[in-house]
Amino acid sequence: MAENIEPENALEENENENDAVISMVDYLKEEEELENDANAVLGGSDDTQCTYSLGYVPRQALYACSTCNTKDGASAGVCLACSYACHEGHDLYELYTKRNFRCDCGNSKFLNLTCKLCPDKGPENTDNVYNQNFKGLYCVCARPYPDPEDEIEDLMIQCIVCEDWYHGRHLGDCQVPAYFSEMVCQGCMNKHSFLWAYFINCKDIQVVQSDSSVNSSEIEVEKSGSSLTSDVSQSRESEKSATSLSTGSDDTSLNTSSTESQSQKADSSESRLLTGTNGSGTSSESELSASNDVSLTSGSAASSSCDSTSKEQCLLRDLQTREVTHRNSATFWPDNFRSKLCQCSPCKANNVC
């Protein structure tokens, strides 16, 4: 006959089992966070298969080789797998993730180089977009990172529109807040002014001015989704009685200028550059994924299309009827900001990030 277990012993065993379960949950959570960090840096890239056959990949880790010569010094980017197979031992610029890019390794841009993983590539990838990062330069200061001549410790943050990387001190008249998910640089905010219409309606986000004399009332910040809905409803009611509507946007379109094992390269990258932080230095992978679904849109392109669509209401068009204060600064966006973007068909079709 089996020996009866005393109630106290049984309770102690149950507690030990619960402790073991909790420890496993914590372990799995930690593993998930590490995986998310790696994906944020590597974009889910494959370290054995060249991505060329996938076409223009929505987001992937890229590298530029300064050892290999290209025709006329043209910029070129290679995928993670090619950085191992074709450029091992070379001097590589780590570009982190870029959007809508097709691997250039071994194509006609390179002199005396054939891709070992995918030798039959076309001459060039005409839809690829390149910026100064492909030459190892970053920020408005156009300096390398890390910069041996820069003695100031500073983080680097990637703009979600132009995809360049910026020093925190080179973002205009603002300070980097403790909590944010994404950043749009000063240049992109100035060039595409319709973004301010979206920005002032994002919950719990504001531009922190360096000048303390700036009146906080000049920075309009909506505190809840319900207030946003209410304001939009009032705007639509006003529209019914109006004889004309001005979109208030002079923007047209935007072409976005969009590292042994994967985990080792991810750890190295995370310690040096941020794609956006939630206050603990953790990148938001969910935002990277969401950026392919609902995106910031070109103001006038979307609004003009909506003018001819009678059954769809355009949130962006409604927001552009308000008075918006523009600042000479970058903007910092919360992790839920895409839920407040217009989702009408024209706006979704004209995305910029």
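The values are calculated or read from the model by the stated rules, or taken from the named source; none is laboratory data. On a predicted model such as this, the values are computed, not experimentally measured, just so you know. Cβ: placed from backbone, ideal geometry, glycine included. Neighbour counts: every protein chain shown. Remember, those area values only see protein heavy atoms, side chains included, never the ligands or the DNA or RNA. Shrake-Rupley method; radii C 1.70, N 1.55, O 1.52, S 1.80 Å.
What single numbered condition from (1) over 20 Å from residue 192 (Cα atoms); (2) more than 16 Å from the chain's Cα centre (by Cα) fails to hold for residue 130?
Result: residue 130 fails condition (1) only.
Can you name the number of the only condition in (1) farther than 15 Å from residue 47 by Cα; (2) touching a Leu at 6+ places or on another chain (Cβ under 8 Å); (3) open to solvent by 30 Å² or more (accessible area, probe 1.4 Å) that residue 70 fails?
Here residue 70 clears every test but (3).
Please verify whether region 105-114 includes one or more residues that are part of a strand (DSSP E or B), of a type outside the set (Ser, Thr, Tyr), at pLDDT 90 or above and more than 23 Å from residue 146 (Cβ to Cβ).
Yes, because at least one residue in region 105-114 is part of a strand (DSSP E or B), of a type outside the set (Ser, Thr, Tyr), at pLDDT 90 or above and more than 23 Å from residue 146 (Cβ to Cβ).
I'm told residue 60 meets every condition in (1) modelled with pLDDT of 95 or more; (2) closer than 24 Å to residue 145 by Cβ except one. Can you identify the failing condition by its number?
(1)
Cβ-Cβ distance below 9 Å, separation of 6 or more or different chains: which pairs start in region 63-89 with a residue that is among the aromatic types (Phe, Trp, Tyr) and end on one that is open to solvent by less than 10 Å² (accessible area, probe 1.4 Å) and part of a strand (DSSP E or B)?
Listed pairs, sorted by first residue: 63/78; 63/79; 63/95.
Find all pairs meeting these conditions: Cβ atoms under 7 angstrom apart; at least six residues apart or on different chains; first residue within region 303-326 and under 18 Å from residue 349 (Cβ atoms) and of a type in the set (Gly, Ala, Ser); second residue part of a loop (DSSP other than H, G, I, E, B) and at pLDDT 80 or above.
Sorted first by the residue in region 303-326, then by its partner, the pairs are 303/314; 303/320.
Go through region 100-113 and give me each residue that's under 22 Å from the mean Cα position of the chain (by Cα) and within 17 Å of residue 46 (Cβ to Cβ).
101, 102, 103
Which of the residues that make up region 79-95 are more than 12 Å from residue 47 (Cα to Cα) and either among the polar types (S, T, N, Q) or out of contact with any Gly (no Cβ under 8 Å at 6 or more places or on another chain) (or both)?
Within region 79-95, 87, 88, 89, 90, 91, 92, 94 qualify.
Taking the condition of being open to solvent by 60 Å² or more (accessible area, probe 1.4 Å) and closer than 18 Å to residue 110 by Cα, how many residues in region 46-65 meet it?
Here the count works out to 0.
Can you report the number of residues in region 80-99 which are open to solvent by 20 Å² or more (accessible area, probe 1.4 Å), under 29 Å from the mean Cα position of the chain (by Cα) and modelled with pLDDT of 95 or more?
Selection size over region 80-99: 7.
Could you check region 100-129 and list, in sequence order, the residues that are loosely packed, with under 15 Cβ neighbours inside 10 Å and small (Gly, Ala, Ser)?
Within region 100-129, 108, 122 qualify.
Have a look at 319, 296 and point out the one that is open to solvent by less than 10 Å² (accessible area, probe 1.4 Å) and modelled with pLDDT of 80 or more.
319
Kindly indicate the residue of region 85-109 that is hydrophobic (A, V, I, L, M, F, W, C) and in contact with a helix residue (DSSP H, G or I) (Cβ under 8 Å, 6 or more places away or on another chain) and also farthest from residue 160 (Cα to Cα) among those meeting that condition.
Ranking the candidates gives 105 first.
Anything in region 324-350 that is touching an Asp or Glu at 6+ places or on another chain (Cβ under 8 Å), of a type outside the set (Val, Ile, Thr) and under 26 Å from residue 169 (Cβ atoms)? List them, or say none.
Scanning region 324-350 gives 327, 328, 329, 332, 333, 334, 335, 337.
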